[in-house]
């Protein structure tokens, strides 16, 4: 827990935010077993210290994770008399809202973590929640040996326990591409729905939460008195829809411009082979620049493609599929650190980070900058509730 209050840069501090998270930063703690095994294997400089930031311990609402940070900056618009956003991304020209929002509507894959956090937020705000789940997103359902369990347990079950209405759409259903008919049907029934895109990434305010998280991380670094550079030289985080990575890039850049920080390597670990790396790079750059413009940066000048570093070697066979190598990373973290990961995002991040620790990427960086000590941060974005839907005996699940 931080000893001193978090001081935000002026422009970021002026942006309306509804507090969902705990009033103190999500904790950062050392991964002692992973640190020890890494240094024992290297038998040379640099010494490497590995830490994790527990975003799954960040909020009192159900299934805490990275989406609550994004939603904090969206709630003021939801609760305003005339929301500026909240229309489907394909229908931004829609008519103004006819009254106060009554229903939050969002979408995701069958085991979406994001939908659970939106459903929990709806209850917190006294609103209804409608969750649209897509059978065809990724390969989790396709490779599940018990498809009924995959469709009814884990995050699906938690959505229903939270009181959300859940609608599941077949692969290829037009509603999975454009949910406007669902929103119009709600309007016809007297509801006022507010649309939150999957992962909250396409929402214009979606990346701001992780710009703020960057400030929080720098604040915690100072209190921790880290060795070497005194900062986290590498930050590993999942890259799905991309706004978490984009927000971090923008936030660290803002601090760098203010003389409060210095360059870090933010490594966004891709979790799906569906789109090429170049697609994700452009997407992350767009999110980073959009957030940067809101918090006081000159987006085109201050944020470059060189700031976007994505790792695509550990995507596995499909989004949402727990392959055998990723399962090993999940079990290693559980059995050596007592940290439970999720099968879709954080287990793939851990697998990538362990590879970087074992190979030369980090040691080459240390040699280039003359560092005898390197600090590595793994951002745990939550999602463990999805484990209940997965059969962890994956030997027959690899494609």
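Bear in mind these aren't lab numbers, they're just calculated from the coordinates by the rules spelled out. Owing to the predicted nature of the structure, the values given are computational and were not obtained by experimental measurement. With ideal geometry, Cβ positions are generated from the backbone for all residues, glycine too; neighbour counts draw on all protein chains shown.
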- Which residues, taken from the stretch 325-342, are within 15 Å of residue 385 (Cα to Cα) and out of contact with any helix residue (DSSP H, G or I) (no Cβ under 6 Å at 6 or more places or on another chain)? 334
- Criterion violated by residue 71 - all others in (1) in contact (Cβ under 8 Å) with a residue 60 or more places away in the chain; (2) part of a loop (DSSP other than H, G, I, E, B); (3) within 20 Å of the chain's Cα centre (by Cα); (4) crowded, with 18+ Cβ neighbours inside 10 Å satisfied: (2)
- Task: Give the residues of the stretch 229-255 that are surrounded by 18 or more Cβ atoms within 10 Å (Cβ to Cβ) and closer than 19 Å to residue 369 by Cα, sorted by residue number.
- Result: 231, 232, 233, 234, 235
- Message: Looking only at the stretch 30-66, filter to residues that are without any contact (Cβ under 8 Å) to a residue 60 or more places away in the chain and assigned to a helix (DSSP H, G or I); which one of those is nearest to residue 231 (Cα to Cα)?
- Response: 35
- Query: If you go through the stretch 117-173 one residue at a time, how many are in a loop (DSSP other than H, G, I, E, B) and within 23 Å of the chain's Cα centre (by Cα)?
  - Reply: 9
- Looking at residue 119, is it in contact with a helix residue (DSSP H, G or I) (Cβ under 6 Å, 6 or more places away or on another chain) and without any contact (Cβ under 8 Å) to a residue 40 or more places away in the chain? no
- Message: Scan the stretch 309-316 and tell me whether some residue there is in a helix (DSSP H, G or I) and free of Cβ contacts under 8 Å to residues at least 60 places away in the same chain.
- Response: no
